[in-house]
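Structure record follows, encoded as structure tokens.
The values are calculated or read from the model by the stated rules, or taken from the named source; none is laboratory data. Fair warning: this is a prediction, and the values are worked out from it, not measured in the lab. Every residue, glycine among them, receives a Cβ derived from its backbone with ideal geometry; neighbour counts consider all protein chains shown.
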Amino acid sequence: MFFLRFNGGNMSVKAKRLISILALVLVVGAFVLLRYLAYDVFMNIFPIVVAVLVFLLIIMVHELGHFAAAKACGIYVKQFAFGMGPALFRKQGKETEYVVRAFPVGGYCAFETDIEDFDEEKGEIVEPNPRAFNRKPVWQRMIVLVCGPLMNLILGFIVVVISLCTSEAIASTTVSEFREQSVSSSQLMVNDEILNIEGLPIYSASDITYKMQSSDRKNEAGNLVFDITVRRNGETVLLKDVEFMTTNRQDGSSGVYFDFFVYRLEKNFGNVVSMGFRESSSKARIILLTIVDIVKGKYGLNDFSGPIGVGSVITEAVKTYTFSDFMSVMAFLSINVGVFNLLPIPGLDGARLIFLIVELIRRKPVKQQVEGMIHFAGMALLLLFIIVISFNDISKLFAR
């Protein structure tokens, strides 16, 4: 961004704003021209730009959660950064430095700590800042750590609501009709409300899809079978071994053939908000269940995706999905970031919360050097893992 070079000197604030506005107009104008003069080029570039913006929004919301909570608790924030790597833009605020870095794959809030420092110019030890993060009560530090993931969960809910508002219909969990030659209709009936599939409580249509696609239990005929609990005529009924035929997917694997439809809900405020909570909760639960499956070893390295793989999913969603489906993907990613950051993995918010819980129990903090080394090791391993799966993502792209 060339206009950043004119950011100093004796230039007035109005002049700086004018240059920034002109630069923004030029960028938008270039995109509009590209849209009409070189449509094919535009359709290749636009999804990538959208993917980057989605990453930035999810990261920005997460870090803003930490930042706003820290400010509310009176914690001194030294630096507030978007992205990782070399700095592209810096601006010093009243007390916080705001930085935009090259790679939109992370971000951070750098808090003041209570470690003593040595001022070389004055030749004396500088006392810790009373507003340092570690000097605040444990409950305030917990709030700061939780607010980042919490903001991602809230963003996910908002995006789910937008997705529902822009969708053709809101799917219920009640059977409305069956396809021709349906197998499941031998036990399922119209107006059955699906409550549970194979032990998983069903809150939304997404739960039905997830559970039935992730199961591989078959009968002698080769059909998939499920134990399904339904509400029928006001009574709860357990249906054992409900059969569904299999179908071949585009990737060559087989999956369940959904031979029934569900009723559509009226698109009003109550249904949108209620289903928004249900869908958001379902996505969070699916993520947690997937993490459990990862721990159990059900997934291999090829099943993971790094920033490049996720970016590829976003670009594909922009190209081929409806706006509603794209928003659903974005909601899933935001909720994923929120849930993942609450895991007790060193370097993430969840592990820092564990250390605060230990501090509450011991009534004294773990040594900062020890905690710092643990978080550093965790982040190093996490970054190494991201690099490995990113190379895997690249190989998948070239293999297409």
Check your understanding: Just to be sure, is Ser281 in contact (Cβ under 8 Å) with a residue 40 or more places away in the chain and closer than 26 Å to Met330 by Cβ?
Key -> yes
Scanning the stretch 109-124 residue by residue, those surrounded by fewer than 18 Cβ atoms within 10 Å (Cβ to Cβ), part of a strand (DSSP E or B) and either at pLDDT 80 or above or of a type in the set (A, V, I, L, M, F, W, C) (or both) turn out to be Ala110, Phe118
Does Val175 fit the bill of being farther than 30 Å from Val358 by Cα, buried (at least 16 other Cβ atoms within 10 Å of the Cβ) and at pLDDT 80 or above?
-> yes
Of (1) buried (at least 21 other Cβ atoms within 10 Å of the Cβ); (2) without any contact (Cβ under 8 Å) to a residue 40 or more places away in the chain; (3) not aromatic (Phe, Trp, Tyr), Glu180 satisfies every one except (1)
Exactly one of Gly338, Gly350, Gly372, Gly309 is small (Gly, Ala, Ser), in contact with a Lys or Arg (Cβ under 8 Å, 6 or more places away or on another chain) and either surrounded by 14 or more Cβ atoms within 10 Å (Cβ to Cβ) or under 30 Å from Pro137 (Cβ atoms) (or both), and that one is Gly309
Quiz item: Hey, any hits in the stretch 330-347 for a residue that's at pLDDT 85 or above, among the small types (Gly, Ala, Ser), touching a His at 6+ places or on another chain (Cβ under 7 Å) and under 14 Å from Leu145 (Cβ atoms)?
Solution: yes
Restricting the stretch 375-396 to residues that are surrounded by 13 or more Cβ atoms within 10 Å (Cβ to Cβ) and of a type in the set (S, T, N, Q), the one farthest from Gly106 (Cα to Cα) turns out to be Asn392
Scanning the stretch 68-92 residue by residue, those in a helix (DSSP H, G or I) and crowded, with 20+ Cβ neighbours inside 10 Å turn out to be Ala69, Ala70
Would it be correct to say that Arg131 is touching a Gly at 6+ places or on another chain (Cβ under 7 Å), within 24 Å of Gln369 (Cα to Cα) and at pLDDT 75 or above?
yes
Can Ile197 be described as free of Cβ contacts under 8 Å to residues at least 40 places away in the same chain, of a type outside the set (Lys, Arg) and touching a Lys or Arg at 6+ places or on another chain (Cβ under 6 Å)? yes
Per the list (1) touching a residue at least 60 places away in the same chain (Cβ under 8 Å); (2) surrounded by fewer than 20 Cβ atoms within 10 Å (Cβ to Cβ), residue check on Gly148 breaks on (2)
Taking the stretch 363-397 and keeping only residues that are free of Cβ contacts under 8 Å to residues at least 24 places away in the same chain and not in a helix (DSSP H, G or I), one is left with Arg363, Lys364, Val366, Lys367
